[in-house]
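Asks: One structure, as structure tokens, below. Some questions next.
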Amino acid sequence: MKSNVVKTRRQKARRGLKSLGFALIFPLSLTLLDITLFGSSHLYRTMEKPFWFPRLWALHLSCLGSAFLMGLSAWLVWAEGGFHRHPVAMLLYVCQLGLSLAWDPVVFKAEATRIGMALCVALFGSLLGCSMVFKNVNPIAADLVKPCLGSALLLAVANLKLVYISEG
């Protein structure tokens, strides 16, 4: 009897670790691929930047950190059945993932800085939505979204400077 209970717990733990691994590796891999394919810009590298302005590596590190935290946050919500009880939570998570992945190609490759600014605003809104919905399921998951809001603001600041340069 005891060995069956132990086996069941081990199997559940193994499944939990596999799902956690997927929840972290999937968004991180997509973000890393996005940075590799679209994450360099001659305009951003050569523009005059004050000392406090985010460097390109800092923007990319911020995006990777945000992808990690959002993956972990989404996993915590999923583990508690939150995506079934609140389907909008999954929609908001996928929306923020798509918006964050769209920013590099739109801003750095297409040099569409105004559209990039709209993406930043939409990203911030979807992160706020995630925070509010995730809070109903798991308060820790909602707290993990807060640094991602800072990352979205960092992207918006960098984007605003690019809008100013491209119009000036």
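Asks: From the list Arg10, Arg45, which residue is part of a helix (DSSP H, G or I) and more than 30 Å from Glu167 (Cβ to Cβ)?
Replies: Arg10 is the lone residue from the list that is part of a helix (DSSP H, G or I) and more than 30 Å from Glu167 (Cβ to Cβ).
Asks: Enumerate the pairs (first residue in the range 16-39 and over 11 Å from Trp75 (Cα atoms) and at pLDDT 95 or above; second residue anywhere and of a type in the set (Gly, Ala, Ser) and assigned to a helix (DSSP H, G or I)) with beta-carbon separation below 6 Å, excluding pairs fewer than 6 apart on the same chain, so at least 6 apart or on different chains.
Replies: Hits for this filter: Pro27/Ala67; Pro27/Gly71; Leu28/Ala67; Thr31/Ala67.
Asks: Taking the options Ala122, Ala89, Ala102, name whichever one is over 26 Å from Thr36 (Cα atoms) and part of a helix (DSSP H, G or I).
Replies: Within the list Ala122, Ala89, Ala102, the selection yields Ala89.
Asks: For the condition within 29 Å of Leu17 (Cβ to Cβ), surrounded by 15 or more Cβ atoms within 10 Å (Cβ to Cβ) and either of a type in the set (Val, Ile, Thr) or touching a helix residue (DSSP H, G or I) at 6+ places or on another chain (Cβ under 6 Å) (or both), what is the one hit in Gly129, Gly65, Gly116?
Replies: Exactly one residue qualifies, and that residue is Gly129.
Asks: I need every pair where a residue in the range 72-84 that is farther than 14 Å from Arg15 by Cα has its Cβ under 7 Å from the Cβ of a residue that is among the hydroxyl-bearing types (Ser, Thr, Tyr), sequence separation at least 6 or different chains.
Replies: These pairs meet every condition: Ala74/Tyr93.
Asks: Need the failing condition index for Thr36 against (1) among the polar types (S, T, N, Q); (2) touching a helix residue (DSSP H, G or I) at 6+ places or on another chain (Cβ under 7 Å); (3) surrounded by fewer than 16 Cβ atoms within 10 Å (Cβ to Cβ); (4) over 24 Å from Lys135 (Cα atoms), just the number.
Replies: Thr36 satisfies every listed condition except (2).
Asks: Can you tell me which of (1) surrounded by 15 or more Cβ atoms within 10 Å (Cβ to Cβ); (2) modelled with pLDDT under 95; (3) not aromatic (Phe, Trp, Tyr) is the one Ile165 doesn't meet?
Replies: So the condition that Ile165 fails would be (1).
The values are calculated or read from the model by the stated rules, or taken from the named source; none is laboratory data. Keep in mind that what you see is a predicted model, and the values were worked out from it rather than measured. When we count neighbours, we look across all protein chains shown, and the Cβ atoms used for this are built from the backbone with ideal geometry, even at glycine.
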